Amino acid sequence: MRDNSSVARFELPTLALLVVTYALWAVGTTWAAGVWLPLGMACVALAGVQHASLCHEALHGHPTRLRWLNEALVFPQLTLLIPYGRFRDTHLEHHRDELLTDPYDDPESNYRDPAEWARFPAWLRRVFGLNNTLLGRMLLGPVVSQVYFMKADWAAIKAGNGAVLRAWLWHVPAVAFVVWWVVAVGQMPVWAFLLASYGAHSVLKIRTYLEHRAHEACKGRTVVVEDSGPLALLFLNNNYHAVHHARPGVPWYRLPAQFRAERDRFLAENDGYYYRSYRQIFAKHLLRAKDPVPHPLWPNG
């Protein structure tokens, strides 16, 4: 899965960004919140997005060759909801490209089995329909995905899956440290911290909204968003998602150059699944769904 030849022993850009991210979060929960609460909340939300992207780097073998060190560097879970171990395991499973968008075997798929969709009550169909617009994904997506994620993990724990249970147990101290800091050190009300953390998950939904589509060819399922603005930095260039799936061991700061060097090949392989920028995505899909909820290529779809 990893291309370790592309991983430097110590990746200074990633290490520096880790320091900046933790500093921004600490300042946001303390000084900035004391000066002006919305400023503190913005710092916390932005740091949460960046930390989630850094967790993604860690599970792909960055910024060092040592897995235990990479995971220690991102141990505090600033956005509270997802255990790192579960993110790691489900995301690496998601990198089985032949299963991308599969409603059952791709843990990050937003499609549902058409037979399951047919059984949904009308109110749940409306929720999922709204969730398939970009605005709905930002507002409702964190709740919808968390409910289904925790439902699946609880079923796995009840079935005796020790790896899932261990990931949640490790999540307790990772969250406890964050909560302790907010309560004992921070100057931010708990409600404001929780709202800012939810905001971080909302921003992350912009990235994941259309990373993949239903397509007969597995390489045609993964997008390129040729953006170099603030969102691209927050997402650590994961908007070049087809490049990342083709070469998951490449660190974030090399992805744009890899795309530019082989632009025509990547766009041919993904059958032109391309957006110029996140601005274009907002213009096209803020209130209009990109996809149906039931998988359009699934049997009976």
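The values are calculated or read from the model by the stated rules, or taken from the named source; none is laboratory data. Bear in mind the structure is a predicted one, so any value in this text is a computation, not a measurement. Heads up, the Cβs are rebuilt from the backbone with ideal geometry, glycines too, and the neighbour counts pull from every protein chain shown. Just so you know, the surface numbers come from the protein's heavy atoms only, side chains and all, with ligands and any DNA or RNA stripped out. Shrake-Rupley method; radii C 1.70, N 1.55, O 1.52, S 1.80 Å.
Note on the chain: with a GNM built from Cα contacts shorter than 10 Å, the maximum mean-square fluctuation among 12, 204, 231 falls on 12.
You can think of it this way: the chain between residue 9 and residue 105 has 31.2 nm of extra reach, that is 0.36 nm per residue less the Cα-Cα gap.
Its Cα centre serving as origin, the stretch 73-115 has a Cβ charge dipole (Lys and Arg +1, Asp and Glu -1) of approximately 320 debye. The phi-based Karplus calculation (6.51 cos²θ - 1.76 cosθ + 1.60; θ = phi - 60°) puts the 3J(HN,Hα) values of the stretch 218-227 at 5, 6, x, 9, 10, 8, 10, 10, 7, 10 Hz, whole numbers, x for Gly and Pro.
In debye to the nearest 20, how big a dipole does the chain give about its Cα centre with +1 on each Lys and Arg Cβ and -1 on each Asp and Glu Cβ?
Working: 30 positive and 24 negative charges, 88 e Å.
Value, rounded to 20: 420 debye.
Distance from the Cα centroid of the stretch 196-237 to that of the stretch 27-87 is 18 Å (rounded to whole angstrom). Computed about the Cα centre, the dipole magnitude for the stretch 1-104 is approximately 340 debye when only Lys and Arg (+1) and Asp and Glu (-1) carry charge, each at its Cβ.
Computed over protein heavy atoms with a 1.4 Å probe, the carbon and sulfur contribution to the accessible area of the chain reaches 65%. Taking amide H atoms as placed 1.01 Å from N in the peptide plane, the amide H of residue 240 lies under 5 Å from those of 225, each 5 or more residues away in sequence or on another chain. Enumerate by residue number the chymotrypsin sites (Phe, Trp or Tyr not before Pro) in the stretch 26-87 meeting two conditions: DSSP loop (anything except H, G, I, E, B), and at most 13 other Cβ atoms within 10 Å of the site's Cβ. Taking the stretch 26-87 and a limit of 13 other Cβ atoms within 10 Å, the loop chymotrypsin sites (Phe, Trp or Tyr not before Pro) found are 36.
The candidate values were [x] 16.0; [y] 25.8; [z] 14.7; the one computed from these coordinates for mean projected area of the Cα convex hull in nm² carries the label [x].
Of the residues 66, 139, 78, the one that moves most in a GNM of the chain with alpha-carbon contacts below 10 Å is 66.
May I ask you to derive the relative contact order of the chain, considering only C-alpha pairs under 8 Å and at least 6 residues apart, and to give it as an integer percent? Working shown, then result.
Working: 420 pairs, mean separation 79.4, N = 301.
With pairs under 8 Å counted, the relative contact order is 26 percent.
Taking springs between alpha-carbon atoms closer than 10 angstrom, which of 148, 278, 253 fluctuates most in the Gaussian network model of the chain? Largest GNM mean-square fluctuation: 148.
At 1.4 Å probe size, with every protein chain present, just tell me what the per residue accessible area of the stretch 117-233 comes to in Å².
Numbers: 6110 Å² over 117 residues.
With all protein chains present, the stretch 117-233 gives 52 Å² per residue.
Once backbone amide H atoms are built at 1.01 Å from N, residue 249 has 3 as its partners under 5 Å, excluding neighbours fewer than 5 places away on the same chain. The phi torsions of the stretch 188-195, fed into the Karplus equation with coefficients 6.51, -1.76 and 1.60 and a -60° offset, translate into couplings of 10, x, 4, 4, 5, 5, 5, 5 Hz, rounded to whole numbers, with Gly and Pro shown as x.
log10 I(q)/I(0), Debye, Cα-only the stretch 169-264, no solvent, q = 0.15, 0.18 Å⁻¹? Listed by q, the Debye log ratios stand at -0.76, -0.89. In this calculation the C-beta distance from residue 65 to residue 172 is compared with R0 = 25 Å, giving a FRET efficiency of 0.35. Derived scalar couplings between HN and Hα for the stretch 121-135 equal x, 4, 5, 6, 4, 5, 4, 5, x, 5, 5, 8, 8, 5, 4 Hz in order, rounded to whole Hz, by the Karplus curve 6.51 cos²θ - 1.76 cosθ + 1.60 (θ = phi - 60°), x for Gly and Pro.
For the chain, the mean residue ellipticity at 222 nm estimated from helices alone is -17500 deg cm²/dmol, where every DSSP H run of n ≥ 4 contributes -39500 (n - 2.57) and the total is divided by all residues, rounded to the nearest 500. Taking a ≥ b ≥ c as the square roots of the eigenvalues of the Cα gyration tensor, an a/c ratio of 1.5 or more together with a/b no larger than b/c marks the stretch 1-119 as oblate.
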